[in-house]
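The values are calculated or read from the model by the stated rules, or taken from the named source; none is laboratory data. Computed from a predicted model, the values in this text were never measured in an experiment. Positions of Cβ are generated from backbone atoms using ideal geometry, with glycine treated the same way; all protein chains shown enter the neighbour counts.
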Amino acid sequence: MINMKYLKIPMERIGVLIGSNGETKKDLEEKSGIKINIDSKNGEVTFDENNSADPLMILKVENIINAISRGFSPEKAFLLFSDEADFFVFDLRDYAGKSDTHIRRLKSRIIGSEGKTKKVLEDLTNSKVSVHGHTVSIISDIMRMNILKKSIDMLLTGSKHATVYRFVEAQMKELKRSERLGF
């Protein structure tokens with residue numbers, strides 16, 4: 001029985017998924033061992049779920065394709081091949097409804113002036129953040145993911161930037177302390 005996985009990605013991200021001369025698609029297929037079909041006319045991506053001996057690889061490929069579709073470069077998306085990496089997407093419509101004005105305001109809160117907020121969050125947590133369309137996406141290791149999710153949620157629900165930075169710094173300090181102690 002053929003069990004196809006179906007994904008739809010934005011048309012403007014198809015070229016990124018395929019890559020120059022098909023390099024990104026080829027790299028993804030080689031690293032995963034899964035043949036991927038991309039319909040560049042309508043943004044549909046399919047692959048056979050039975051195509052991999054490793055069931056986790058199917059989830060990794062799905063996450064990588066979704067990460068690229070949410071604005072990450074292939075290099076950053078390929079971090080998801082690691083067993084330690086995880087991917088999460090916030091839909092800003094859950095916070096702002098359908099109002100484009102509110103969505104733009106929330107995106108601005110995450111990005112910050114000249115990209116400062118996004119960079120601070122990435123640097124403090126050693127993670128990747130992408131703001132694309134009506135979403136904010138994260139690539140992070142599993143231990144730092146919850147800290148980053150909470151901090152972005154705090155920003156989206158109106159917390160002051162300084163409060164969020166202090167929260168992240170305190171949480172990272174606690175995480176590093178527990179890692180040193182072997183917890």
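A few points about this structure:
- Considering the stretch 31-49, the residues that are among the charged types (D, E, K, R), more than 17 Å from LYS76 (Cα to Cα) and not in a loop (DSSP other than H, G, I, E, B) include one that is modelled with the lowest pLDDT, namely GLU49.
- Among the residues of the stretch 44-77, those that are among the polar types (S, T, N, Q), out of contact with any helix residue (DSSP H, G or I) (no Cβ under 6 Å at 6 or more places or on another chain) and more than 17 Å from THR24 (Cβ to Cβ) comprise ASN50, ASN51.
- Restricting attention to the stretch 101-122, the residues that are without any contact (Cβ under 8 Å) to a residue 24 or more places away in the chain, touching a helix residue (DSSP H, G or I) at 6+ places or on another chain (Cβ under 6 Å) and charged (D, E, K, R) total 1.
- All of GLY15, GLY33 fail the test of being loosely packed, with under 14 Cβ neighbours inside 10 Å, small (Gly, Ala, Ser) and either touching a Cys at 6+ places or on another chain (Cβ under 7 Å) or on the phi > 0 side of the Ramachandran plot (or both), apart from GLY33.
- Residue match in the stretch 14-22 (condition: within 23 Å of ASP141 (Cα to Cα), modelled with pLDDT of 95 or more and either outside the structural domain of THR163 (by TED's automatic domain parsing) or touching a Phe, Trp or Tyr at 6+ places or on another chain (Cβ under 6 Å) (or both)): yes
- Test: PHE81 is aromatic (Phe, Trp, Tyr) and within 18 Å of the chain's Cα centre (by Cα): yes
- The sole residue among ILE18, ILE64, ILE9 that is among the β-branched types (Val, Ile, Thr), closer than 26 Å to MET145 by Cβ and without any contact (Cβ under 8 Å) to a residue 40 or more places away in the chain is ILE64.
- Among the residues listed as GLU122, GLU23, GLU29, GLU44, the single one being under 26 Å from MET172 (Cα atoms) and of a type in the set (D, E, K, R): GLU122
- Pairs, first over 12 Å from VAL136 (Cα atoms) in the stretch 85-100, second part of a helix (DSSP H, G or I), C-beta under 6 Å, six or more apart: ALA85/LEU79; ASP86/ILE142; ASP86/MET145; ALA96/HIS102; ALA96/ILE103; ALA96/LEU106
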